[in-house]
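Engineer: One structure, pasted below without further comment.
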Amino acid sequence: MENELYWSEIECKRESEEIDFSDEEQNEKGKTAFDCDICGKSFSQKAKLVIHERTHTGEKPYHCEICGKSFSRSENLTRHKSGVHTGEAPYHCEICDKSFSQNDHLTMHRRVHTGEKPYHCEICGKSFSRNNNLTKHKHVHTGEKPYHCEICGKSFSQNENLTMHRRVHTGEKPHHCEICGKSFSRNEHLTNHKRVHTGEKPYHCEICGKSFSRNNNLTMHRCVHAGEKPYHSDISGKSFVKSNIQEKGNPLCTVTRERKIMENELRRSEVECKRESEEIDFSDEEKIEKGKTLYDCDICGKSFSRKAKLVIHERTHTGEKPYHCNICDKFFSRNDHLTRHKRVHTGEAPYHCEICDKSFSQNDHLTMHRRVHTGEKPYHCEICGKSFSRNDTLTKHKHVHTGEGPYHCEICDKSFSRNDHLTVHKHVHTGEKPYHCEICGKSFSRNDNLTMHRRVHTGEKPYHCEICGKSFSRNECLTKHKRVHTGEKPYHCEICGKSFSQNENLTIHRHVHTGEKPYHCEICGKSFSQNNTLTKHKQVHTGEKPYHCEICGKSFSQNDNLTMHKHVHTGEKPYHCDICDKSFSQNDSLIKHKHVHTGEKPYHCEICGKSFSRNDCLTKHKRVHTGEVPYHCEICGKSFSLIDNLTKHRHVHTGEKPYHCDICDKSFSRSDSLTKHIRIHTGEKPYYCDICGKSFSQNDTLTRHKISVHTGEVPYHCEICGKSFSRNDTLTQHRRVHTGEKPYHCDISGIHTGEKSYHCGVCGKSFSDGPRLTVCKYIHSSVKPYHCEICGKSFSQNGRVTIHIRIHTGEKPYHCDI
């Protein structure tokens with residue numbers, strides 16, 4: 001009767017865990033058993049029964065006023081406030097100084113250092129450091145799953161697994177990364193994720209010392225050393241390495257095929273509702289049990305330790321892609337692939353390189369990028385010994401040895417060793433250019449081409465030569481550049497044996513032997529052996545000059561022309577002749593110069609047999625035979641066979657004279673005219689006649705000398721009257737006698753205005769134009785820069801030399817028409 005009165009007093013305290021008893025009261029209470037009406041479990045205290053019943057009802061009467069979270073027990077709420085909101089951790093580990101908000105957490109933590117496992121399973125003898133882990137473990141033997149999902153009916157052996165499972169339905173991800181903001185449904189997933197940012201790898205292999213960020217990766221890695229493949233497929237006979245449990249001092253445990261099949265069937269019924277999900281979470285003990293279960297693919301026989309992995313694998317055969325991007329409508333077979341893909345649209349790059357601060361959208365991309373800094377190349381080709389930083393690059397490289405081209409274009413039947421090469425190749429047929437530059441709008445068929453193109457805008461050149469310090473925007477450009485220092489030429493022509501430092505140069509060279517010109521201009525029909533030559537040629541039609549000099553504003557149609565032009569401002573001449581030490585601003589100028597020493601003229605005209613040391617000289621020469629004049633003046637319509645002649649001609653219209661003499665301040669419209677003029681001051685005569693030894697300041701003067709004096713050749717003929725001339729310009733002037741052409745027009749000079757703005761500082765005489773002043777100065781200085789190449793007589797005016805030469809030639813060009 002007293003017992004009944006006693007319990008009637010505390011009936012109103014059914015929901016509280018804070019029921020205090022004296023020692024005597026607890027002894028009296030211990031004599032009474034309180035049974036759960038749902039599961040039949042017994043308790044020595046009424047309060048414990050009340051707490052237990054909340055397991056079935058889900059009641060959580062204690063609420064956190066800060067975050068709103070609810071708890072079934074008051075002490076759980078108290079711990080929650082101190083551990084989460086206040087950050088208080090008054091309990092400290094005396095070994096590692098780690099702090100805890102609860103004393104029992106500290107007690108359990110100490111067992112990490114001591115290795116103590118006081119809780120033992122009486123069935124299998126396994127030991128645990130925590131009692132709740134033992135309780136969960138016992139469910140492995142009993143198969144008990146008392147926690148049920150009210151949405152899909154799935155059962156779990158642990159309440160926390162049910163809590164995490166519910167997030168599959170709600171989509172809740174309460175654990176957030178404070179670095180990148182990514183969210184996770186489980187705290188351990190967040191812990192593993194944080195190691196992406198910190199680079200922490202706390203799990204170490206005791207055999208080879210390799211480190212891992214996750215314990216299960218270490219477990220699988222150990223199988224590499226043990227050589228163990230304990231799981232076998234009855235269909236394919238193939239063996240697989242799985243995350244088996246290694247008992248202390250015992251070998252990796254294995255299981256029988258019969259038990260695997262039985263447990264496989266049980267597992268199938270448990271995860272049927274989650275066929276499409278990759279987020280099937282297990283506790284540590286469930287993972288242990290799962291490690292003993294094998295899920296086999298019915299199509300290829302491959303085995304998996306998780307049902308979710310089998311589901312993903314089966315999509316390889318079915319082609320199913322259930323995950324859909326709502327931005328671009330692309331489909332994916334895996335949810336994590338969709339997550340990565342979305343970063344293409346958002347631009348999110350949460351993984352950062354701690355060395356150069358570069359960001360990446362995927363962690364594995366960051367891992368591969370770090371090898372750029374470390375130089376690590378862990379993947380080796382067993383045939384040639386070459387090393388690679390990425391395994392897929394090694395796989396692709398092996399195709400070089402095997403010649404395998406397993407990927408075929410269904411349009412042209414071309415084969416490729418890599419699937420991505422096939423994908424890029426298909427853009428040739430479709431014309432698709434899906435990658436767009438957000439700055440200039442230019443489109444590209446390949447993403448890596450877009451990446452390299454962006455460096456045109458940013459000026460980024462991340463690849464540096466450790467020998468000369470030169471920087472490059474592309475790694476392959478750096479590789480090619482290094483051959484300038486090493487002299488390596490690994491690509492050889494099998495026809496003539498010539499070697500090249502770049503493979504594309506060898507490909508282009510082969511066209512010399514085959515005569516192939518596969519690239520055609522759709523405007524004029526001209527063909528080219530190189531695609532870049534065609535691209536450059538098209539700019540003749542469009543007039544496009546996209547490359548601009550930031551110093552003088554001059555524009556160029558080709559980037560290499562801009563690079564060479566900059567040497568005009570810097571004065572840099574990095575290319576040196578090893579014979580005469582002469583320096584050049586361009587490498588091709590050095591190559592052409594060397595022909596002066598060797599006398600080599602490898603380019604031959606197939607029409608007249610004339611040889612040239614330069615290919616462009618041969619191209620220009622051929623226009624003598626074809627009469628081609630592809631360059632047209634847009635002002636007067638005049639045509640030219642050479643573009644530099646057109647450029648010089650334009651100065652006639654603009655009056656521009658950009659080249660100035662530093663000695664007399666005279667200006668010229670052409671650079672070669674300035675060079676020739678300077679020789680008047682220096683007296684330099686670098687051109688020698690190999691017959692008589694006479695010297696000349698200009699090459700064309702030497703040529704005229706040889707024709708007039710030694711050979712008597714007059715190769716230029718007037719097609720109207722048949723008269724012959726030793727010089728082409730003389731023939732041009734002669735033709736005007738027949739045509740009446742007078743191409744030079746007076747724009748009102750000093751002759752009309754009477755203005756005489758040019759004054760001689762010696763005699764004070766004034767002139768209306770500069771040339772007459774120059775002639776006057778020659779009279780005072782006795783300078784006679786113009787020489788007759790026949791008799792050597794000198795003159796102060798060029799026109800007088802022309803008249804004088806007619807004494808030797810007998811030419812009388814002026815005829816009376818009456």
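Engineer: Go through region 81-124 and give me each residue that's in contact with a Leu (Cβ under 7 Å, 6 or more places away or on another chain), closer than 21 Å to Phe71 by Cβ and either open to solvent by 70 Å² or more (accessible area, probe 1.4 Å) or hydroxyl-bearing (Ser, Thr, Tyr) (or both).
Structural biologist: Tyr91, the sole residue that qualifies.
Engineer: Sort out which residues of region 293-306 are in contact with a His (Cβ under 8 Å, 6 or more places away or on another chain) and open to solvent by 30 Å² or more (accessible area, probe 1.4 Å), and write them in order of number.
Structural biologist: Ile299, Cys300, Lys302
Engineer: So, one more: Going by the conditions given, is His677 without any contact (Cβ under 8 Å) to a residue 40 or more places away in the chain and open to solvent by 70 Å² or more (accessible area, probe 1.4 Å)? Give the steps one after another, and end with the answer.
Structural biologist: Numbers: without any contact (Cβ under 8 Å) to a residue 40 or more places away in the chain: yes; open to solvent by 70 Å² or more (accessible area, probe 1.4 Å): no.
When the stated conditions are applied, His677 does not pass them.
Engineer: Looking at the structure I just gave you, is Asp420 among the acidic types (Asp, Glu) and on the phi > 0 side of the Ramachandran plot? Please lay out each step first, then the result.
Structural biologist: Details: among the acidic types (Asp, Glu): yes; on the phi > 0 side of the Ramachandran plot: no.
Judged against the criteria, Asp420 is not a match.
Engineer: Among Gly87, Gly83, which is the only one that is within 48 Å of the chain's Cα centre (by Cα), at positive phi and modelled with pLDDT under 85? Outline the logic, then answer.
Structural biologist: On the way: Gly83 fails: at positive phi.
After ruling out the rest, the residue left standing is Gly87.
Engineer: Ok, one more. Could you list, in sequence order, the residues of region 541-565 that are over 27 Å from the mean Cα position of the chain (by Cα), open to solvent by less than 70 Å² (accessible area, probe 1.4 Å) and closer than 30 Å to Lys526 by Cβ?
Structural biologist: Answer for region 541-565, where residues must be over 27 Å from the mean Cα position of the chain (by Cα), open to solvent by less than 70 Å² (accessible area, probe 1.4 Å) and closer than 30 Å to Lys526 by Cβ: Gly543, Ser555, His565.
Engineer: Moving on to the next point. Among the residues of region 704-754 satisfying the criterion of being modelled with pLDDT of 80 or more and of a type in the set (Ser, Thr, Tyr), which is farthest from Glu789 (Cα to Cα)?
Structural biologist: Only one residue tops the list, namely Thr739.
Engineer: If you don't mind, there's one more thing I want to ask. Take the conditions of a type outside the set (A, V, I, L, M, F, W, C), in contact (Cβ under 8 Å) with a residue 60 or more places away in the chain and touching a helix residue (DSSP H, G or I) at 6+ places or on another chain (Cβ under 7 Å) and apply them to Tyr631. Does it pass? So that I can check it myself, show each step before the final result.
Structural biologist: Numbers: of a type outside the set (A, V, I, L, M, F, W, C): yes; in contact (Cβ under 8 Å) with a residue 60 or more places away in the chain: yes; touching a helix residue (DSSP H, G or I) at 6+ places or on another chain (Cβ under 7 Å): yes.
The answer is yes for Tyr631.
Engineer: Can you tell me which residue among Glu476, Glu522, Glu494, Glu504 is modelled with pLDDT under 85 and loosely packed, with under 12 Cβ neighbours inside 10 Å?
Structural biologist: On the way: Glu522 fails: modelled with pLDDT under 85; Glu494 fails: modelled with pLDDT under 85; Glu504 fails: loosely packed, with under 12 Cβ neighbours inside 10 Å.
The match here is Glu476.
Engineer: Same structure, new question: Taking into account only those residues within region 526-540 that are closer than 18 Å to Thr507 by Cβ and of a type in the set (Val, Ile, Thr), which is surrounded by the most Cβ atoms within 10 Å (Cβ to Cβ)?
Structural biologist: Pass one, region 526-540, residues closer than 18 Å to Thr507 by Cβ: 527-536.
Okay, now just the ones that are also of a type in the set (Val, Ile, Thr), so 533, 535.
On the way: Thr533: 15, Thr535: 13.
The selected residue is Thr533.
Engineer: Listed residues Tyr659, Tyr688; which is open to solvent by 70 Å² or more (accessible area, probe 1.4 Å), farther than 20 Å from Gly792 by Cβ and not charged (D, E, K, R)? Steps first, please.
Structural biologist: Details: Tyr688 fails: farther than 20 Å from Gly792 by Cβ.
Result: Tyr659 is the single residue among Tyr659, Tyr688 that is open to solvent by 70 Å² or more (accessible area, probe 1.4 Å), farther than 20 Å from Gly792 by Cβ and not charged (D, E, K, R).
Engineer: Continuing with this model, one more query. Residues of region 433-452 being closer than 24 Å to Asp392 by Cβ and either among the acidic types (Asp, Glu) or open to solvent by less than 70 Å² (accessible area, probe 1.4 Å) (or both), which ones?
Structural biologist: Taking region 433-452 first, the residues closer than 24 Å to Asp392 by Cβ are 434-435, 444-452.
Correct list: Pro434, Phe444, Ser445, Asp448, Asn449, Leu450, Thr451, Met452.
Engineer: List pairs: first in region 480-494 and more than 20 Å from Glu466 (Cβ to Cβ), second surrounded by 11 or more Cβ atoms within 10 Å (Cβ to Cβ), Cβ under 6 Å, 6+ apart or cross-chain?
Structural biologist: Lys489/Ser499; Lys489/Phe500; Lys489/Ser501; Tyr491/Phe500; Tyr491/Asn503; Tyr491/Leu506; His492/Ser499; Cys493/His509
Engineer: Something else about it: Spot the failing condition for Glu15; the list is (1) under 27 Å from Phe156 (Cβ atoms); (2) surrounded by fewer than 13 Cβ atoms within 10 Å (Cβ to Cβ); (3) modelled with pLDDT under 50, and only one is missed.
Structural biologist: (2)
Engineer: Moving on to the next point. Would you confirm, using the coordinates I've provided, whether Pro378 is surrounded by 15 or more Cβ atoms within 10 Å (Cβ to Cβ) and over 30 Å from Gly319 (Cβ atoms)?
Structural biologist: Numbers: surrounded by 15 or more Cβ atoms within 10 Å (Cβ to Cβ): no; over 30 Å from Gly319 (Cβ atoms): yes.
Taking the combined requirement at face value, the residue does not satisfy it.
Engineer: Looking at this structure, is Glu75 open to solvent by less than 60 Å² (accessible area, probe 1.4 Å), out of contact with any Lys or Arg (no Cβ under 9 Å at 6 or more places or on another chain) and closer than 29 Å to His148 by Cβ?
Structural biologist: Working: open to solvent by less than 60 Å² (accessible area, probe 1.4 Å): yes; out of contact with any Lys or Arg (no Cβ under 9 Å at 6 or more places or on another chain): yes; closer than 29 Å to His148 by Cβ: yes.
Considered against the rule, which asks whether it is open to solvent by less than 60 Å² (accessible area, probe 1.4 Å), out of contact with any Lys or Arg (no Cβ under 9 Å at 6 or more places or on another chain) and closer than 29 Å to His148 by Cβ, Glu75 comes out as yes.
Engineer: When you go through (1) part of a helix (DSSP H, G or I); (2) surrounded by fewer than 16 Cβ atoms within 10 Å (Cβ to Cβ) one by one for His137, which number turns out not to apply?
Structural biologist: Failed condition: (2).
Engineer: Moving to a separate point now. Criterion first (at pLDDT 85 or above, of a type outside the set (A, V, I, L, M) and in contact with an Asp or Glu (Cβ under 6 Å, 6 or more places away or on another chain)) does Ser42 satisfy it? I'd like the intermediate steps shown before the answer.
Structural biologist: Values: at pLDDT 85 or above: yes; of a type outside the set (A, V, I, L, M): yes; in contact with an Asp or Glu (Cβ under 6 Å, 6 or more places away or on another chain): yes.
The answer is yes for Ser42.
Engineer: Can you tell me how many residues within region 381-393 are within 25 Å of Tyr351 (Cα to Cα) and surrounded by 12 or more Cβ atoms within 10 Å (Cβ to Cβ)?
Structural biologist: Pass one, region 381-393, residues within 25 Å of Tyr351 (Cα to Cα): 388-393.
Checking which are surrounded by 12 or more Cβ atoms within 10 Å (Cβ to Cβ) leaves us with 388-390, 392-393.
Adding up the residues that qualify gives 5.
Engineer: Go through region 608-640 residue by residue and tally those that are assigned to a loop (DSSP other than H, G, I, E, B), touching a strand residue (DSSP E or B) at 6+ places or on another chain (Cβ under 8 Å), open to solvent by 70 Å² or more (accessible area, probe 1.4 Å) and under 24 Å from Pro743 (Cα atoms). Don't jump to the end; show me each part of the working.
Structural biologist: Restricting attention to region 608-640, the residues satisfying the condition of being assigned to a loop (DSSP other than H, G, I, E, B) are 608-610, 613-614, 627-630, 633-638.
Those still in the list that are touching a strand residue (DSSP E or B) at 6+ places or on another chain (Cβ under 8 Å) too: 610, 613-614, 629-630, 633, 638.
Remaining after also requiring open to solvent by 70 Å² or more (accessible area, probe 1.4 Å): 610, 614, 638.
With under 24 Å from Pro743 (Cα atoms) added as a condition, the list becomes 638.
Result for region 608-640: 1.
Engineer: Give me the pairs, please: first residue somewhere in region 308-320 and within 11 Å of Arg334 (Cα to Cα), second residue anywhere and open to solvent by 10 Å² or more (accessible area, probe 1.4 Å) and in a helix (DSSP H, G or I), beta-carbon distance under 9 Å, and either six or more positions apart or on two chains.
Structural biologist: Correct list of pairs: Ala308/Lys274; Val311/Lys274; Glu320/Glu314.
Engineer: Tell me, which helices (runs of 4 or more DSSP H) lie completely within region 444-534 with 3 or more residues that are within 23 Å of His369 (Cα to Cα)? Outline the logic, then answer.
Structural biologist: Details: elements: 447-458, 475-486, 503-514.
Output list reads 447-458, 475-486.
Engineer: Filter region 307-358 for residues that are surrounded by 15 or more Cβ atoms within 10 Å (Cβ to Cβ), small (Gly, Ala, Ser) and in a loop (DSSP other than H, G, I, E, B) and give the result.
Structural biologist: Matches in region 307-358: Ser333, Ala349.
Engineer: Answer yes if at least one residue in region 574-582 is under 26 Å from His595 (Cβ atoms), touching a residue at least 12 places away in the same chain (Cβ under 8 Å), open to solvent by less than 80 Å² (accessible area, probe 1.4 Å) and not in a strand (DSSP E or B), and no otherwise. If you could, list the steps in order and put the result at the bottom.
Structural biologist: Pass one, region 574-582, residues under 26 Å from His595 (Cβ atoms): 574-582.
Those left that are additionally touching a residue at least 12 places away in the same chain (Cβ under 8 Å): 575-577, 579-580.
Pick out the ones that are also open to solvent by less than 80 Å² (accessible area, probe 1.4 Å) and you get 575, 577, 580.
From what's left, not in a strand (DSSP E or B): 577, 580.
Yes, because at least one residue in region 574-582 is under 26 Å from His595 (Cβ atoms), touching a residue at least 12 places away in the same chain (Cβ under 8 Å), open to solvent by less than 80 Å² (accessible area, probe 1.4 Å) and not in a strand (DSSP E or B).
Engineer: If you don't mind, there's one more thing I want to ask. Within region 101-136, how many residues are over 28 Å from Thr78 (Cα atoms) and within 52 Å of the chain's Cα centre (by Cα)?
Structural biologist: 2
Engineer: Still on this structure: Out of all the residues in region 164-184, which are touching a residue at least 60 places away in the same chain (Cβ under 8 Å), among the β-branched types (Val, Ile, Thr) and open to solvent by 50 Å² or more (accessible area, probe 1.4 Å)?
Structural biologist: Matches in region 164-184: Ile179 only.
Engineer: A follow-up question, please. Can you name every residue in region 434-452 that is farther than 21 Å from Asn475 by Cα and in contact (Cβ under 8 Å) with a residue 12 or more places away in the chain?
Structural biologist: Residues of region 434-452 that are farther than 21 Å from Asn475 by Cα, as a first pass: 434, 436, 438-443.
Within region 434-452, His436, Ile439, Cys440 qualify.
Engineer: Moving to a separate point now. Which one of the conditions (1) surrounded by 13 or more Cβ atoms within 10 Å (Cβ to Cβ); (2) in contact with a strand residue (DSSP E or B) (Cβ under 6 Å, 6 or more places away or on another chain) does Asn187 fail to meet, given that it meets all the rest?
Structural biologist: (1)
Engineer: While we're on this one: Could you check region 394-421 and list, in sequence order, the residues that are open to solvent by less than 70 Å² (accessible area, probe 1.4 Å), hydrophobic (A, V, I, L, M, F, W, C) and in a loop (DSSP other than H, G, I, E, B)?
Structural biologist: Listed by number, the residues that qualify are Cys409, Cys412.
The values are calculated or read from the model by the stated rules, or taken from the named source; none is laboratory data. Values in this document were obtained by computation on a predicted structure and should not be read as measured data. Here the Cβ is made from the backbone with ideal geometry for all residues, glycine too, and neighbour counts use every protein chain on show. Accessible surface is based on the protein model in full, side chains and every heavy atom, while ligands, DNA and RNA are left aside. Shrake-Rupley method; radii C 1.70, N 1.55, O 1.52, S 1.80 Å.
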